[in-house]
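Peer 1: Just passing along the structure, written as C-alpha cells.
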C-alpha cells in the first residue's frame, strides 16, 4: 500500500457516515465592511501603503516618465531594469533617451541563470506594471510574465510600480471576481503591500529585509 | 546576562523547564513585552466586534467544510497541481517526508538548500536530517536564521527569535559571522540580508511551507513580510513545498476570509507585505522561477486527530499564533519550555496526535483553562474544551482504551481509587457527615507533607468547625431560615 492510499483510506474511514458540509460562503462578510466610494479608494490605498513606508505619487498617464527620472536622480541611481516590450517600458525608454538621462536602462531579456550575479547584486532599481490594486488592504496586484519576470520586483533595492487609478478595486474578493482569477492563474501571482520588512528582532520594524528596501507607486490618472 | 534554556540538552519534562524559565528574568521580560504588543496589535486590527465575529464564524465554517471533504479535496488538489506541472508527494511520517525531500535534492545533485519559514519542516527536523546527509539547509527568515545560527529552536511559530533581544543577536552575529557588534536593529537586519542574499543566489533547492493549498486552482499560497519566501520559491532551480494535509481549502475565494483572519490575528496587519501564490513551475517562455516544483503532503498523526470528530477541530488551525500571544502560561514560560515544535495552547492540542500523549503528559494540564485561547482563535477552535478532553484521555485506564495516540500515560490506579473514595464520600450524606465530624475533630492529625502541593504551599489543615456548622449557628442567631 502506498502512503497516498493509506492516508486517503484513513481519512475516508474517519468520515464514514458523515456528509459534506454545504457551501454557505457568505460573500457579504468579506465585501460589505470593505467598500469605498470611488474617490475614497485612492485615499485608502495611499494611507495604508504610506503607513508601511511606501512612497506614492499621483501622476498623469502621459508625463509619469518624468517622475521616474526624478525619483532615480534624487537617489543618484545608475541603472534601471525595465521591460522594453511593454507599452510603459517603451514610453519610459523614449523619454529617457530624449532627456539625455545618464540612467542605464537594463532589460530582463534572458533567463535568470545567464546573469544571476549581476541581477542579484548590481541592479539598482526596477520598474514594473501592475494589474491593479486593492484598497481594503493597500495591496498591489502583480502578474509576472515573460516581460516582467518574478525576480524583477524582488531583487532590486528600489521597486517602482505603475498603477492605473481605474484599476483599484475595493477588496480582494472583488478583485478575484473582476479578473476571474479562478479561471486561470499565472505561474506566480503576487500581492505586494509595501517594501520588504521584518520585526524579528525585538519587534522593531526594519525595512529591506530580503526584498526591495523601497517601494514607489506611481498612480496614473487618465490625462 | 540571561540564562539560556538549553533546549536540546534538557532531559526533564515541562515542569523542569518551566521552573528554569520562570526564574529567567530576561526571558520573561522579552516575552511579556512581545506578547503585550502583539495582543494590542491584534485588538487594533479588529476594531469592529461584529465584523470580527462574523469573519471568525465564516473562517470556522470554511475550514470545517474543507475538512468535511478532505480526502476528495486532496485528490482534487493533486490533480490540479499535476495539471499545472507540480509534482505531488504523500508522506505518512516525517521520516518518509524527509526521504522524499532528500531524494529530490539528490536527483539534482544538490548540496545547498535555503528554506523559507516552515513549521512542518521543523516537525520533520529537516535541517538535521539533511545535514547528516551532507546537505546544508539554511533558514532564511530573519528570526529562524538567528535561531539556527545559535543552535536553537524557534520559541514562537510567528516570531521564532522573540526570546532574544538585540544585544544577544548582536553578540551572536559577532561570534558567528565576525562582524562588529551593533545595537542598531536596522544594521543587524542588513547583515542578515547580505549574508543570505548570496545563499539565495547559490542555492540548488528552495524549501518553503504553505499557508493555504487551493484545490480549485492548484495553487500554493504563502504569506510573509521579508521576501525570503519569495526568494526561496523563485530563485533556486527547484522548489519543494512541505505542508500538513489540513492546509487544503476548496475554492480560491475561501482564502479571502482566512487570509484576513490570519494576518490580523497573527501580527495585527491588514495583510502581509507579500502574498505569494504559486501555481506551477517556470513555463517554456518564462525567464525565471524554478524548473521543478514539488509539494510534499504530510500526515504525521493528522489523520489520527481527523478520525475523532471532536479532535478533528485541531485541524482548523491556520497557525496564526494568537492563542500563544494571549496565553498567560505561554507568556510566562516561553516557547522552549514546551519542548516540542508547536508551543502554547495550539501546541498542546496538536502535538499529542503527532508524538503521542506519553511524550507530552503534562501539556494538557499546563493551562489554567482561562479560555483566552479559544476566545481569540480566528477559526474558533474550542481549545479549552479540547484540553479537557485530552486530560480525560490522559488518565484513561488500559481497559477504557484512550482514543488519542498513547493516551492513558498518566493513568494511576492509586489516583483512580482516591477519586472513587472521594465520590462515594461526597455522594452519601451519612458518610459525608461522619467525615466532617472526624476531619474537624482530628484536624491536627493531617499530614504535613502532601506531595507537590507542600513544595510551594503550607499543608492544608481543616478548620475547627465546618462551614455548614457555622452557617447553621449564624442563621439560628439571626433568626433567619
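The values are calculated or read from the model by the stated rules, or taken from the named source; none is laboratory data. Model, not experiment: these values are computed from the prediction. Note: ideal-geometry Cβ built from the backbone for every residue, glycine included; neighbour counts use all protein chains shown.
Yes or no, residue by residue, for (1) at the interface with another protein chain (Cβ under 10 Å from one of its Cβ atoms); (2) in contact with a strand residue (DSSP E or B) (Cβ under 6 Å, 6 or more places away or on another chain); (3) buried (at least 23 other Cβ atoms within 10 Å of the Cβ); (4) within 22 Å of residue B:215 (Cβ to Cβ):
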position	(1), (2), (3), (4)
B:278	yes, yes, yes, yes
B:298	yes, yes, yes, yes
B:307	yes, no, no, yes
B:372	no, no, no, no
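Peer 1: Also, I was wondering about something else. Sort through A:191, A:185 and tell me the only one that's within 8 Å of another protein chain (Cβ to nearest Cβ) and touching a residue at least 40 places away in the same chain (Cβ under 8 Å).
Peer 2: One residue alone meets the criteria, A:191.
Peer 1: Still on this structure, please answer the following. Which one of these does residue B:282 not meet: (1) touching a residue at least 40 places away in the same chain (Cβ under 8 Å); (2) within 25 Å of residue B:89 (Cα to Cα)?
Peer 2: Condition not satisfied by residue B:282: (1).
Peer 1: OK, next. So, restricting to helices (runs of 4 or more DSSP H) that lie completely within the range B:7-81, which ones have at least 2 residues that are more than 22 Å from the chain's Cα centre (by Cα) and closer than 30 Å to residue B:455 by Cα? First the steps, then the outcome.
Peer 2: Details: elements: B:14-22, B:25-45, B:49-68.
The helices (runs of 4 or more DSSP H) meeting that bar are B:25-45.
Peer 1: Moving on. Is it the case that residue B:143 is under 20 Å from the mean Cα position of the chain (by Cα) and either modelled with pLDDT of 95 or more or not in a strand (DSSP E or B) (or both)?
Peer 2: Values: under 20 Å from the mean Cα position of the chain (by Cα): yes; either modelled with pLDDT of 95 or more or not in a strand (DSSP E or B) (or both): yes.
The answer is yes for residue B:143.
Peer 1: Looking at the structure I just gave you, is residue B:168 touching a strand residue (DSSP E or B) at 6+ places or on another chain (Cβ under 7 Å), assigned to a helix (DSSP H, G or I), in the same structural domain as residue B:277 (by TED's automatic domain parsing) and within 22 Å of residue B:337 (Cβ to Cβ)?
Peer 2: No, not satisfied.
Peer 1: Would you pick out the residues in the range B:202-232 that are facing chain A (nearest Cβ under 8 Å) and either within 18 Å of residue B:319 (Cβ to Cβ) or outside any loop (DSSP other than H, G, I, E, B) (or both)?
Peer 2: Listed by number, the residues that qualify are B:219, B:225, B:226, B:228, B:230, B:231.
Peer 1: Have a look at A:30, A:59, A:68, A:52 and point out the one that is touching a strand residue (DSSP E or B) at 6+ places or on another chain (Cβ under 9 Å) and within 11 Å of chain B (Cβ to nearest Cβ).
Peer 2: None of the others qualify; the one that does is A:52.
Peer 1: Based on this model, can you work out whether residue B:182 counts as crowded, with 19+ Cβ neighbours inside 10 Å and in a loop (DSSP other than H, G, I, E, B)?
Peer 2: It is false that residue B:182 is crowded, with 19+ Cβ neighbours inside 10 Å and in a loop (DSSP other than H, G, I, E, B).
Peer 1: Let me ask another. Among what's in the range A:117-126 and is part of a helix (DSSP H, G or I) and out of contact with any helix residue (DSSP H, G or I) (no Cβ under 6 Å at 6 or more places or on another chain), pick the residue that is surrounded by the fewest Cβ atoms within 10 Å (Cβ to Cβ).
Peer 2: A:117
Peer 1: For residues that are more than 7 Å from chain B (Cβ to nearest Cβ) and loosely packed, with under 14 Cβ neighbours inside 10 Å, tally how many sit in the range A:14-27.
Peer 2: Residues meeting the conditions: 4.
Peer 1: Testing residue B:134 on (1) within 14 Å of residue B:296 (Cβ to Cβ); (2) more than 14 Å from chain A (Cβ to nearest Cβ), one condition comes back false. Which one is that?
Peer 2: Failed condition: (1).
Peer 1: Being outside any helix (DSSP H, G or I), in contact with a helix residue (DSSP H, G or I) (Cβ under 9 Å, 6 or more places away or on another chain) and within 9 Å of chain A (Cβ to nearest Cβ) is the filter here; which residues of the range B:237-276 pass it?
Peer 2: B:237, B:250, B:251, B:269, B:270, B:271, B:272, B:274, B:275, B:276
Results for (1) touching a residue at least 40 places away in the same chain (Cβ under 8 Å); (2) closer than 19 Å to residue B:233 by Cα; (3) surrounded by fewer than 18 Cβ atoms within 10 Å (Cβ to Cβ); (4) within 14 Å of the chain's Cα centre (by Cα), shown as yes or no for each residue.
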position: A:111; (1), (2), (3), (4): no, yes, yes, no
position: A:128; (1), (2), (3), (4): yes, no, no, yes
position: A:134; (1), (2), (3), (4): yes, no, no, yes
position: A:137; (1), (2), (3), (4): yes, no, no, yes
position: A:147; (1), (2), (3), (4): yes, no, no, no
position: A:156; (1), (2), (3), (4): yes, yes, no, yes
position: A:164; (1), (2), (3), (4): yes, no, yes, yes
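Peer 1: Got at least one residue in the range A:192-215 being surrounded by 23 or more Cβ atoms within 10 Å (Cβ to Cβ) and more than 26 Å from residue B:38 (Cα to Cα)?
Peer 2: no
Peer 1: Within the range A:175-193, which residues are farther than 20 Å from residue A:30 by Cβ and touching a helix residue (DSSP H, G or I) at 6+ places or on another chain (Cβ under 6 Å)?
Peer 2: Hit for the range A:175-193 is A:188, nothing else.
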